[in-house]
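Note sheet for the following structure.
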Amino acid sequence: MKLYNIFYIDETYGVPPKYECTTDNFEKWLKQHNKKRVADGFEKEEAGWFDVVEIFPIIFNNDK
């Protein structure tokens with residue numbers, strides 16, 4: 001399984017990237033994220049506003 005860390009990139013104010021979550025599917029996460037934002041009265045965010053970085057975790061407790 002591939003996992004990705006998602007960081008919000010704030011180009012307006014130039015603050016460091018903000019960690020949002022770790023997910024296996026960025027597109028599904030963004031859809032769910034935007035659904036919640038709209039329900040809370042905010043605008044949708046675009047995929048390009050995020051940095052998606054594949055991670056390679058070391059898993060020791062892998063119970064199947």
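Laid out as a table, the results:
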{"read-out": "Reciprocal of mean inverse Cα separation for the chain (Kirkwood radius, Å)", "value": "13.2"}
{"read-out": "Region 3-55: relative contact order in percent, alpha carbon pairs under 8 Å with at least 6 residues between", "value": "47"}
{"read-out": "Rounded to whole Hz, the Karplus (6.51, -1.76, 1.60) HN-Hα couplings of region 34-48, x for glycine and proline", "value": "5, 4, 5, 4, 5, 4, 8, x, 9, 6, 5, 9, 8, 4, x"}
{"read-out": "Built amide H within the under 5 Å cut-off of Phe50, gap 5+", "value": "Ile9"}
{"read-out": "Residue-span extension gain [Thr12 to Asn61] - 0.36 nm each, minus C-alpha spacing", "value": "13.5 nm"}
{"read-out": "Sequence-distant residues sharing a close amide H with Glu20 (under 5 Å, placed H)", "value": "Ile6, Phe7, Tyr8"}
{"read-out": "Neighbour cut-off at most 10 other Cβ (10 Å), DSSP loop, GluC sites (Glu not before Pro), the chain", "value": "Glu11, Glu43, Glu46"}
{"read-out": "Residues of type aspartates and glutamates that Lys18 reaches as a straight line, Cα spacing below 13 Å, ignoring anything fewer than 8 places off in the same chain", "value": "Asp10, Asp51"}
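Coordinate-derived values only; no laboratory data. It should be emphasised that the depicted structure is a prediction, and the values quoted were computed from it without experimental measurement. Don't worry about glycine lacking a Cβ; one is built from the backbone with ideal geometry, like all the others, and counts go over all protein chains shown.
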